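One structure below.
The values are calculated or read from the model by the stated rules, or taken from the named source; none is laboratory data. Because the structure is predicted, anything quoted here is derived from the model rather than measured. All Cβ positions, even for glycine, are placed from backbone atoms using ideal geometry, and neighbour counts span all protein chains on display.
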Amino acid sequence: MRILISNDDGYLAPGIQALADALAAVADIVVVAPDSNRSGASNSLSLDRPLSVSKAANGFYFVNGTPTDCVHIALTGMLDYRPDLVVSGVNNGQNMGDDTLYSGTVAAATEAYLFGIPAIAFSQVHSGWSEVESAARVARDIVLRHFEILESPFLLNVNIPNLPYDQMGPLTATRLGRRHQAEPVIRGQDPRGREIFWIGAPGACRDAGEGTDFHATSQGRVSITPLQVDLTHREQLESLRGWLK
Ligand code: MN
């Protein structure tokens with residue numbers, strides 16, 4: 001099995017190192033990841049400048065671009081083979097509910113899925129890298145145990161509690177929850193007295209009921225949500241047709 005690994009926290013992040021170490025034992029891996037933290041990059045492609053690929057001492061490739069750039073480059077010419085699987089992460093913090101739209105971690109996996117390659121995004125529920133090796137072990141379990149089960153291609157979003165491996169709850173199929181609207185922007189001043197804004201925190205959980213990713217992880221379980229890309233609002237399609245008639 002040949003696995004392409006990327007992330008959005010950058011090639012130096014502990015999460016991608018742990019994931020690469022865990023998967024190198026069971027597969028041929030190649031790491032192509034952003035040169036810096038691109039969390040929140042979503043599915044953006046860099047179209048206004050060229051991209052360069054460099055190789056780090058540990059063999060990881062790093063790109064001066066987004067997570068989507070990394071996977072796109074790897075799949076469209078950089079690699080001389082088609083990976084069997086693309087994994088992303090392990091991210092420094094959760095990607096649940098509405099987070100999945102902003103996430104560069106999920107985006108890297110989505111890019112592979114768009115090319116017809118099965119893909120899995122892994123995130124730890126809390127940031128700070130506690131129990132990151134345990135999360136990487138869970139990721140390896142999922143890669144090994146579930147790779148052949150779903151119809152390919154699949155796009156899975158996995159959120160892993162920051163727990164020791166032997167205290168980790170079971171793998172649980174979930175749907176995305178929803179958040180309230182984001183917290184307000186944080187207003188400040190730069191050293192020259194100009195007004196600046198920092199994007200605020202994500203909103204609190206709004207739909208975190210039974211069956212959601214929020215609920216499963218709050219119980220110490222590993223949440224696995226199958227994602228799709230089609231954003232069409234099917235119920236509104238009919239009423240739109242009626243309105244246009
Ligand atoms: Mn990140």
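Any idea which residue in region 11-30 is surrounded by the fewest Cβ atoms within 10 Å (Cβ to Cβ), counting only those that are small (Gly, Ala, Ser) and not in a loop (DSSP other than H, G, I, E, B)?
Going through region 11-30, the residues small (Gly, Ala, Ser) turn out to be 13, 15, 18, 20, 22, 24-25, 27.
Still in the list and also not in a loop (DSSP other than H, G, I, E, B): 15, 18, 20, 22, 24.
Numbers: GLY15: 27, ALA18: 23, ALA20: 22, ALA22: 21, ALA24: 15.
The qualifying residue surrounded by the fewest Cβ atoms within 10 Å (Cβ to Cβ) is ALA24.
Could you look through region 53-73, keep only residues that are in a loop (DSSP other than H, G, I, E, B) and in contact with an Asp or Glu (Cβ under 9 Å, 6 or more places away or on another chain), and pick out the one that is nearest to THR105 (Cα to Cα)?
Quick first cut of region 53-73, residues in a loop (DSSP other than H, G, I, E, B) only: 56-60, 64-66.
Of the ones still in play, those that are also in contact with an Asp or Glu (Cβ under 9 Å, 6 or more places away or on another chain) are 64-66.
Numbers: ASN64: 16, GLY65: 14, THR66: 10 Å.
Filtering first and then ranking leaves THR66.
Within the set of pairs 6+ apart or on separate chains, which have a first residue in region 8-23 that is of a type in the set (Val, Ile, Thr), a second that is within 13 Å of the ligand (Cβ to nearest atom), and C-beta atoms under 6 Å apart?
ILE16/ASN7; ILE16/ALA33
Given the conditions (1) away from the ligand (no atom under 16 Å from the Cβ); (2) under 19 Å from SER103 (Cα atoms); (3) in a strand (DSSP E or B); (4) among the small types (Gly, Ala, Ser), and given that ALA33 satisfies all but one, which numbered condition is not satisfied?
It fails just one condition, (1).
If HIS126 passes every condition in (1) crowded, with 19+ Cβ neighbours inside 10 Å; (2) within 17 Å of the chain's Cα centre (by Cα) but one, which one does it miss?
Every condition holds for HIS126 apart from (1).
State all residues of region 29-60 that are among the small types (Gly, Ala, Ser) and over 18 Å from ASP80 (Cβ atoms); if no residue qualifies, say none.
Across region 29-60, the qualifying residues are ALA33, SER36, SER39, GLY40, ALA41, SER42, SER44, SER46, SER52, SER54, ALA56, ALA57.
Determine if region 103-115 includes at least one residue that is in contact with a strand residue (DSSP E or B) (Cβ under 8 Å, 6 or more places away or on another chain), within 13 Å of the ligand (Cβ to nearest atom) and among the hydroxyl-bearing types (Ser, Thr, Tyr).
yes
Among the residues of region 188-203, is any of a type in the set (S, T, N, Q), more than 29 Å from the chain's Cα centre (by Cα) and more than 30 Å from GLU131 (Cβ to Cβ)?
yes
Being within 16 Å of the ligand (Cβ to nearest atom), modelled with pLDDT of 95 or more, charged (D, E, K, R) and outside any helix (DSSP H, G or I) narrows it down to one residue among ASP48, ASP8; which is it?
When all the criteria are applied, what remains is ASP8.
Condition (residue is of a type in the set (A, V, I, L, M, F, W, C) and in contact with a Pro (Cβ under 6 Å, 6 or more places away or on another chain)) applied to region 127-138: is it met by at least one residue?
The answer is yes, given that some residue of region 127-138 is of a type in the set (A, V, I, L, M, F, W, C) and in contact with a Pro (Cβ under 6 Å, 6 or more places away or on another chain).
Check whether at least one residue in region 111-121 is at positive phi and over 14 Å from the mean Cα position of the chain (by Cα), and report yes or no. Give the steps one after another, and end with the answer.
The first filter runs over region 111-121 and keeps only residues at positive phi, leaving 116.
Subset that is over 14 Å from the mean Cα position of the chain (by Cα): 116.
Checked region 111-121: at least one residue is at positive phi and over 14 Å from the mean Cα position of the chain (by Cα).
Being farther than 16 Å from GLY116 by Cβ and under 17 Å from the mean Cα position of the chain (by Cα) is the filter; apply it to region 69-82 and report the residue that is surrounded by the fewest Cβ atoms within 10 Å (Cβ to Cβ).
Out of the qualifying residues, it is ASP69.
For region 45-65, give me each residue that is farther than 25 Å from GLY128 by Cβ and either buried (at least 20 other Cβ atoms within 10 Å of the Cβ) or in contact (Cβ under 8 Å) with a residue 40 or more places away in the chain (or both).
Correct list: TYR61, VAL63, GLY65.
Residues checked against (1) farther than 21 Å from PRO226 by Cβ; (2) in contact with a Leu (Cβ under 6 Å, 6 or more places away or on another chain):
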| site | (1), (2) |
| --- | --- |
| GLY128 | yes, no |
| GLU133 | yes, no |
| ILE142 | no, no |
| SER152 | no, no |
| LEU155 | no, yes |
| LEU163 | yes, no |
| MET168 | no, no |
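Having 3 or more residues that are in contact (Cβ under 8 Å) with a residue 40 or more places away in the chain is the bar; report the strands (runs of 3 or more DSSP E) wholly within region 97-202 that clear it.
The qualifying strands (runs of 3 or more DSSP E) are 155-160, 171-173.
Across region 83-95, which residue is farthest from SER54 (Cα to Cα) among those that are surrounded by 24 or more Cβ atoms within 10 Å (Cβ to Cβ) and within 16 Å of the ligand (Cβ to nearest atom)?
Here the residue is ASN95.
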